[in-house]
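S.K.: The structure follows.
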Amino acid sequence: SDNFSLSSGFHYVLDVKKSQVFRYGFGTASSKVLRTAAGAAMKSLQGMAISGDQLWVVDPGTAKILRYSLSAAFTGTGTINALQEIALSRANRTAEGLAIDGTYLYVLGGSQFYRYPRAGGTGVASRVMKDSTGANLGAPTGSVLVGTNMWIVDKTKRRSYRYSLSALQFGTTGNVNALRSFALNAENRSEEHTSELQSRQYLVCRLLLEK
């Protein structure tokens, strides 16, 4: 998931300017405005992940990953404070994406992921991701975890790359090459946030079609 997520038949889209999540499916609904645990405003939301009733977002501006109750976020209006906060590692404060599994949160920052226990704790860096030829990535900006495969969107190279989650070898040094890649839709040429979101939607939809 990232700024676009599929869960229980609904589509969820994070509006980073309004600090709200919009739900599409059987009609359209907007969440309460997301706040930190202390009730402070967000500064620069960059990613979203949903697991059951847990709604997670990452805000490099406040250097935090934040958790909310998904059902509570869509009950009533006003604001909602985070139930849990995890501090981003200093090297991970240019966060550009968020993915999740049953145990960990994965925050994309540059050409690496940082893995955080969902229960809280320090982020551990992955190996440095390269493209399929071993060349540097351009500007990784979105991520989706599908089973044991991590997919990222590179908005500069206009491609999506797949890596084995185990090959990222968190806590070790070195590089890891992409196992596969494909070109993004040619219409997604702008580097503005809207285009990045479209690229992530395209990635999620394409992966669903290929399953």
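The values are calculated or read from the model by the stated rules, or taken from the named source; none is laboratory data. What you see is a predicted model; the values in this text were computed from it and never measured. Because the Cβ atoms are built from the backbone with ideal geometry, glycine has one as well, and the counts that use them run over all protein chains shown. Keep in mind that these areas ignore ligands, DNA and RNA; they rest on the heavy atoms of the full protein, side chains included. Shrake-Rupley method; radii C 1.70, N 1.55, O 1.52, S 1.80 Å.
S.K.: Can you name the condition, by its number, that Lys18 falls short on among (1) in a strand (DSSP E or B); (2) surrounded by fewer than 17 Cβ atoms within 10 Å (Cβ to Cβ); (3) at pLDDT 90 or above?
M.R.: Here Lys18 clears every test but (1).
S.K.: Next up: Only residues that are farther than 15 Å from Phe22 by Cα and either outside any strand (DSSP E or B) or touching a residue at least 40 places away in the same chain (Cβ under 8 Å) (or both): list them for the range 55-66, please.
M.R.: Val58, Pro60, Gly61, Thr62, Ala63, Ile65
S.K.: Identify the single condition in (1) assigned to a strand (DSSP E or B); (2) open to solvent by less than 30 Å² (accessible area, probe 1.4 Å); (3) of a type outside the set (Ser, Thr, Tyr) that Glu85 does not satisfy, given that it satisfies every other one.
M.R.: Unmet for Glu85, out of (1) assigned to a strand (DSSP E or B); (2) open to solvent by less than 30 Å² (accessible area, probe 1.4 Å); (3) of a type outside the set (Ser, Thr, Tyr): (2).
S.K.: For the range 29-44, what are the residues that are in contact (Cβ under 8 Å) with a residue 40 or more places away in the chain, in a loop (DSSP other than H, G, I, E, B) and either out of contact with any Gly (no Cβ under 7 Å at 6 or more places or on another chain) or not charged (D, E, K, R) (or both)?
M.R.: Of everything in the range 29-44, those that are in contact (Cβ under 8 Å) with a residue 40 or more places away in the chain, in a loop (DSSP other than H, G, I, E, B) and either out of contact with any Gly (no Cβ under 7 Å at 6 or more places or on another chain) or not charged (D, E, K, R) (or both) turn out to be Ser31, Thr36, Ala37, Ala38, Gly39.
S.K.: Every residue in the range 151-167 that is closer than 22 Å to Ser51 by Cα, open to solvent by less than 50 Å² (accessible area, probe 1.4 Å) and at pLDDT 95 or above, please.
M.R.: If the condition is that a residue be closer than 22 Å to Ser51 by Cα, open to solvent by less than 50 Å² (accessible area, probe 1.4 Å) and at pLDDT 95 or above, then Tyr163, Ser164, Leu165 are the ones that fit.
S.K.: Right, something else. Can you say whether Tyr12 is aromatic (Phe, Trp, Tyr), surrounded by 13 or more Cβ atoms within 10 Å (Cβ to Cβ) and touching a residue at least 12 places away in the same chain (Cβ under 8 Å), as far as the supplied structure shows?
M.R.: So Tyr12 passes the test.
S.K.: Could I ask something else about it? Can you name the residue in the range 96-150 that is modelled with pLDDT under 90 and in contact with a strand residue (DSSP E or B) (Cβ under 8 Å, 6 or more places away or on another chain) and is also most open to solvent (accessible area, probe 1.4 Å) among such residues?
M.R.: Here the answer is Glu96.
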